[in-house]
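Participant: Structure below; questions to follow.
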Amino acid sequence: MTGGGPTMASWYERNILPKLLCCACGAPAIQAQRRRVAPRAEGEVLELGIGGGLNLAYYDPTKAKRVTGVDPSPELRAIAEQAPRPDGLVVDIQAGEAERLPFADASFDTVLCTFTLCSVRSPTAVLAEARRVLRPDGRFLFCEHGLSPDAEVSRWQRRLEPLWKRMAGGCHLTRPVASAVEAAGFALDEVEQRYMPKTPRPLGWCEWGVARPA
């Protein structure tokens, strides 16, 4: 089809993609990963790519003083505003891109990034910004899907990625995770890696952990 691609893409991005992303990113295997990471956030917290607010239910309000979430999508931010959260959790959702955060240096005790690096324009820029806004003793908590270490799976990831990006809002399947965090100037304190259960392997390689500015 020709002569209307941008309009159709815009309609899809506004009306279909936000709901599709919330559904996909709310799958049980992904929610289990969120439950591993979000409760560890402490102090002043920044969540990169808060999306539909799927992490909000898992923060511990006795640890997290405030959660500031940024996302470029007004549709997803509207969903996040209504997302369930524990009583007492202070949440501030703002428009913003993770590549250019509107915050001063050393503003946050924790930066949380879950299932976000796959779809940003520049993971390198996002990680540099995360490091910039973290306090020197702060922690970067991450949980991302990405490039599998298994050759056969990674071949399938490369085959599927062009179509997958079009369907899933620019989501990449072949981006490294922990090694990219380390290359951005973080020291990795904890890293765990595995395939998420009940998930096709090209979509299911997941790495999560805790890092600090090196």
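The values are calculated or read from the model by the stated rules, or taken from the named source; none is laboratory data. If you're wondering where the values come from, they're calculated on a predicted model, not measured in any experiment. Note that we place each Cβ from the backbone using ideal geometry, even for glycine, and neighbour counts take in every protein chain shown. These accessible areas exclude ligands, DNA and RNA; they are computed on the full protein's heavy atoms, side chains included. Shrake-Rupley method; radii C 1.70, N 1.55, O 1.52, S 1.80 Å.
Participant: Using the structure shown, decide if ALA168 is modelled with pLDDT under 95 and either of a type in the set (Phe, Trp, Tyr) or closer than 30 Å to VAL133 by Cα (or both).
Facilitator: yes
Participant: Which one is most open to solvent (accessible area, probe 1.4 Å) among residues in the range 54-71 that are assigned to a loop (DSSP other than H, G, I, E, B) and touching a Pro at 6+ places or on another chain (Cβ under 8 Å)?
Facilitator: So, considering only residues that are assigned to a loop (DSSP other than H, G, I, E, B) and touching a Pro at 6+ places or on another chain (Cβ under 8 Å), the one most open to solvent (accessible area, probe 1.4 Å) is LYS63.
Participant: Pull out all pairs, ordered by first then second residue, where Cβ-Cβ is under 7 Å, the residues are six or more apart or on different chains, the first lies in the range 79-101 and is acidic (Asp, Glu), and the second is open to solvent by less than 40 Å² (accessible area, probe 1.4 Å) and part of a helix (DSSP H, G or I).
Facilitator: Pairs that qualify, where the first residue is acidic (Asp, Glu) and the partner is open to solvent by less than 40 Å² (accessible area, probe 1.4 Å) and part of a helix (DSSP H, G or I), are GLU99/ALA125; GLU99/VAL126; GLU99/GLU129.
Participant: Counting only residues that are among the charged types (D, E, K, R) and either open to solvent by less than 50 Å² (accessible area, probe 1.4 Å) or assigned to a helix (DSSP H, G or I) (or both), how many does the range 94-108 have?
Facilitator: 1
Participant: Now, a different point. Go through the range 158-191 and give me each residue that's of a type in the set (D, E, K, R) and in contact with a helix residue (DSSP H, G or I) (Cβ under 8 Å, 6 or more places away or on another chain).
Facilitator: Matches in the range 158-191: ARG175 only.
Participant: Please specify each residue of the range 72-93 satisfying the condition of being touching a strand residue (DSSP E or B) at 6+ places or on another chain (Cβ under 7 Å) and assigned to a loop (DSSP other than H, G, I, E, B).
Facilitator: Passing the criteria: PRO72, ARG85, LEU89, VAL90.
Participant: Test ARG131 against the criterion of being assigned to a helix (DSSP H, G or I), closer than 21 Å to ALA183 by Cα and open to solvent by 40 Å² or more (accessible area, probe 1.4 Å), and give yes or no.
Facilitator: yes
Participant: Continuing with this model, one more query. Taking the range 77-93 on its own, how many of its residues are open to solvent by 60 Å² or more (accessible area, probe 1.4 Å) and under 25 Å from PRO136 (Cα atoms)?
Facilitator: Total meeting the criteria: 1.
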